[in-house]
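Notes to accompany the following structure.
Just so it is clear, none of the values below were taken in a lab; they were calculated from the coordinates. Since we're looking at a predicted model, the values are computed, not measured. Neighbour counts are summed over all protein chains in view; Cβ atoms, including those assigned to glycine, are modelled from backbone coordinates with ideal geometry.
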Amino acid sequence: MERFTLHIFGYGETQIIKKDVNFKTKTSDLTKVQPLLDALWAEKPEDVTGGDDFRSVTMFNYNRKKWSGKKDQASFKIKGKEDTLVDLIDELAAEMTALIPQD
């Protein structure tokens, strides 16, 4: 996939941004978000403390992921380790792309 950014917002929306696309939809309409969140949480650094309630989770292409926790919740970044999440990221991107209205 070309360069992209995926945002999963804690308030209930998910957004994909890539060349000529900026699309946002309700997270509850997507089935591929939770498996990706679970896998990303499992990859968090061992020294990270706090719960998994997040303000936003962002994937910049495949190699940078950022989990921004709400107050007193875990926040962390993961660089690299792209092989473990590529399929889940692609599945979410494909699910979102299928929802983009065609002109």
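In nm, what is the difference between 0.36 nm times the number of residues separating Ser68 and Phe9 and their Cα-Cα distance? Mind dumping the intermediate values first?
Numbers: separation 59, 0.36 × 59 = 21.24 nm, distance 0.96 nm.
Fully extending the segment from Ser68 to Phe9 adds 20.3 nm.
If neighbour count is taken as other Cβ atoms inside 10 Å, put Met59, Met96 in order from fewest to most. If you can, show how the numbers build up before the last one.
Values: Met59 24, Met96 21.
Arranged by neighbour count, lowest to highest, Met59, Met96 become Met96, Met59.
Using only the C-alpha atoms of the chain, find the volume of their convex hull and express it per residue in Å³. Please report the intermediate quantities before stating the final value.
Numbers: hull volume 9.3 nm³, N = 103.
Dividing the Cα hull volume of the chain by its residue count gives 91 Å³.
Taking 7 Å along the Cα-to-C-beta vector as the label spot, tell me the Ser28-Ser56 distance in nanometres, rounded to one decimal.
Computed distance between label sites Ser28 and Ser56 equals 2.2 nm.
If you line up the long axis of helix 86-99 against the longest principal axis of the chain, both from Cα atoms, how many degrees apart are they, to the nearest 10?
Compared with the principal axis, the helix lies near 40 degrees.
Within segment 1-84, report the chymotrypsin sites (Phe, Trp or Tyr not before Pro) that DSSP leaves as loop and that have at most 10 other Cβ atoms within 10 Å.
Numbers: sites: Phe4, Phe9, Tyr11, Phe23, Trp41, Phe54, Phe60, Tyr62, Trp67, Phe76; in loops: Tyr11, Tyr62.
Sparse-neighbourhood loop chymotrypsin sites (Phe, Trp or Tyr not before Pro): Tyr11.
Phe9: net charge of surrounding residues, Cβ under 12 Å, Lys/Arg +1, Asp/Glu -1, itself excluded? Intermediate values should be presented prior to the final figure.
On the way: positive: Lys24, Lys26, Arg55, Lys70; negative: Glu13.
With Lys, Arg at +1 and Asp, Glu at -1, the neighbours total +3.
Mark the label point 7 Å from the Cα of Thr49 along Cα→Cβ and return the residues of segment 61-91 whose backbone N is within less than 12 Å of it.
Output list for this probe position: 73-74.
For Leu30, what is the net charge nearby, where nearby means another residue's Cβ is under 15 Å from its Cβ and Lys, Arg count +1, Asp, Glu -1? Show your work: numbers first, answer last.
Values: positive: Lys24, Lys26, Lys32; negative: Glu13, Asp29, Asp38, Asp90, Glu91, Glu95.
That works out to -3.
Just to confirm a number: summing +1 for Lys and Arg and -1 for Asp and Glu over residues other than Ser56 whose beta-carbon lies under 12 angstrom from that of Ser56, what do you get?
Value of the local net charge: +2.
Determine, for segment 23-103, the count of lysine pairs separated by eight or more sequence positions (or lying on different chains) whose alpha-carbon distance falls under 22 Å.
Lysine pairs meeting both conditions in segment 23-103 amount to 27.
For the chain, which trypsin sites (Lys or Arg not before Pro) are both in a DSSP coil and crowded by at most 15 other Cβ atoms within 10 Å?
Details: sites: Arg3, Lys18, Lys19, Lys24, Lys26, Lys32, Arg55, Arg64, Lys65, Lys66, Lys70, Lys71, Lys77, Lys79, Lys81; in loops: Arg3, Lys19, Lys32, Lys70, Lys71, Lys81.
Loop-located and lightly packed - Arg3, Lys19, Lys70, Lys71, Lys81.
Please list, by residue number, every one of the GluC sites (Glu not before Pro) in segment 1-94 that is coil in DSSP and has at most 11 other beta-carbon atoms within 10 Å. Intermediate values should be presented prior to the final figure.
Numbers: sites: Glu2, Glu13, Glu43, Glu46, Glu82, Glu91; in loops: Glu2, Glu43, Glu46.
Sparse-neighbourhood loop GluC sites (Glu not before Pro): Glu2, Glu46.
Could you name the aspartates and glutamates whose alpha carbon sits less than 14 Å from that of Lys19, not counting residues in the same chain fewer than 8 places away?
Straight-distance partners of Lys19: Glu2.
Once the Cα atoms of helix 33-42 and of the chain are each reduced to a long axis, what angle between those two axes, in degrees from 0 to 90 to the nearest 10, is obtained?
30
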